[in-house]
1. Within the stretch 61-103, can you find the residues that are within 27 Å of LEU254 (Cβ to Cβ) and small (Gly, Ala, Ser)?
2. Give the number of residues within the stretch 206-251 that are modelled with pLDDT of 85 or more and not small (Gly, Ala, Ser).
3. Please enumerate the residues belonging to the stretch 262-285 that are farther than 24 Å from VAL396 by Cβ and either touching a strand residue (DSSP E or B) at 6+ places or on another chain (Cβ under 6 Å) or not β-branched (Val, Ile, Thr) (or both).
4. Does ALA55 fit the bill of being open to solvent by 30 Å² or more (accessible area, probe 1.4 Å), more than 19 Å from the chain's Cα centre (by Cα), among the small types (Gly, Ala, Ser) and at pLDDT 90 or above?
5. Could you grab me the full set of residues in the stretch 99-133 that are touching a residue at least 40 places away in the same chain (Cβ under 8 Å) and open to solvent by less than 10 Å² (accessible area, probe 1.4 Å)?
6. Residues to consider are GLY343, GLY364; find the one that is under 22 Å from ILE170 (Cβ atoms) and open to solvent by less than 10 Å² (accessible area, probe 1.4 Å).
7. Which residue out of VAL372, VAL396 is in contact with a helix residue (DSSP H, G or I) (Cβ under 6 Å, 6 or more places away or on another chain), more than 22 Å from TYR235 (Cα to Cα) and touching a residue at least 40 places away in the same chain (Cβ under 8 Å)?
8. Would you point out which residue out of ALA318, ALA313, ALA323 is surrounded by fewer than 20 Cβ atoms within 10 Å (Cβ to Cβ) and touching a helix residue (DSSP H, G or I) at 6+ places or on another chain (Cβ under 7 Å)?
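The values are calculated or read from the model by the stated rules, or taken from the named source; none is laboratory data. Here the structure is a predicted model, which means the values were calculated and not measured. Note: ideal-geometry Cβ built from the backbone for every residue, glycine included; neighbour counts use all protein chains shown. Surface accessibility is based on the protein's heavy atoms, side chains included, excluding ligands, DNA and RNA. Shrake-Rupley method; radii C 1.70, N 1.55, O 1.52, S 1.80 Å.
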Amino acid sequence: MTTSGNVLPPGSAALAEPSETVRHRWTVSVVLVNVGINAAFFGPLQVLLGQQAIAFSAADKEGILALVTGAGAAVSLVANPLFGTFSDRTISQFGRRVPWVFIGALLGTIGLLGLTVAPTVAAMTALWCLVQLGCNGALAAITAAVPDQVPIRQRGRIGGLASMGTVVGILVGAAFGAVVAGNFALGYVLCAAALVAGILPYLFLSNDQVLPARDRPPFSWAEFAKGFWISPRLYPDFGWAWITRFLVNVGNHLVTLYLLFFLRDAVGFENPEFGVLILTGVYAVLTLVTAVIGGQWTDRVGKRKPFVIGSSAIIALAALILAFSPTWPGALVGAAVLGVGYGAYLAVDFALLTQVLPSAASRGKDLGVINVANSLPQVIAPIIAWPLVTLLGGYVTLYVVAAVIGLLGAVFVVKIKGVA
């Protein structure tokens, strides 16, 4: 395990490596934040934005969805490290992370409610960018709270439970898309309500340590811009971990981006919104199981890399199943396999990442840079997916490419040397 970046001056309680086991109520509050944020993300991404794109132009729905999701993801590239950097330096009486969870959720809620009345594609794009700005800000803060407060011996389990919140949020978002029966405006309202309800418990149960003014790192925009680059020569494990997460997420986004359209156009499923809900439910149940089991198992054996490699390969297998069995039974099997792989991946990879951070003083910023590996694929995936589906062979080509990219992520995990 690498801990050299966590040497701190005496008295920096807010920055010290945590040693006390976290309480269950704190863990529940973190899980609920993840539920709210991911309902706000994935309800729109899986169903609502697609429905709204069809309402604007059924013929151009793929292009509209690619534009909107790509622009929003571009915003998230900056939002995650920016909010993470701000939270690292916050000296409020509520702690470092709580103010930014609140501010981010507020911005996300405003954006979601605005989407209910967006009159044009341009307005839809701008409002989705606001949702991405706010929700990624809240995500950056709550992600940094884990290494702030959870000891290394417990991070696999907490990572698994936080991943459970992520998956429940995805399922809630899909349920909203299905039950509103095409009324995407109502769906956005439900996503906004889930976001608000999800963050409220954490505001009161955060237990954030207050950062003394003397320990606040200096800030300049020039240094912030430089902070996007974390030298792979000085921190090679961090670099390989970033590349691995980036590639796996590119593959995963290629699988899920056009799922609504895949069911509608390739599978010919009569009610594609309901189909998305069913597939998400299958995926969610298996993700929940493997996230919790995988997180506990990796803590018990003290190893991370074998779990990340195996789960990445399973995710790639799910893409191949969808590629060569574009049927409803094939989609069900693919969703199940994806759930098995992605649940273990979410839990264990997060635990691995927290062990390769360069500095405890900049956990928020560094995890924000890691989260760019989650956000950048949302920009790149539409650019890759749109021509593959419309010009270069359709969904078979799309899912084969997704599998190859995901397998590359599994290969690069072996380059990480400081974590077993």
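1. Scanning the stretch 61-103 gives GLY63, ALA66, GLY70, ALA71, GLY72, ALA73, ALA74, SER76, ALA79, GLY84.
2. Number satisfying all stated conditions: 13.
3. PHE274, LEU277, GLY281, ALA284 - these are the residues of the stretch 262-285 that are farther than 24 Å from VAL396 by Cβ and either touching a strand residue (DSSP E or B) at 6+ places or on another chain (Cβ under 6 Å) or not β-branched (Val, Ile, Thr) (or both).
4. Yes: the conditions hold for ALA55.
5. VAL101, ALA105, GLY108, LEU112, LEU115, MET124, TRP128, VAL131, GLN132 - these are the residues of the stretch 99-133 that are touching a residue at least 40 places away in the same chain (Cβ under 8 Å) and open to solvent by less than 10 Å² (accessible area, probe 1.4 Å).
6. Values: GLY364 fails: under 22 Å from ILE170 (Cβ atoms).
Result: GLY343 is the single residue among GLY343, GLY364 that is under 22 Å from ILE170 (Cβ atoms) and open to solvent by less than 10 Å² (accessible area, probe 1.4 Å).
7. Only one candidate qualifies: VAL396.
8. ALA313
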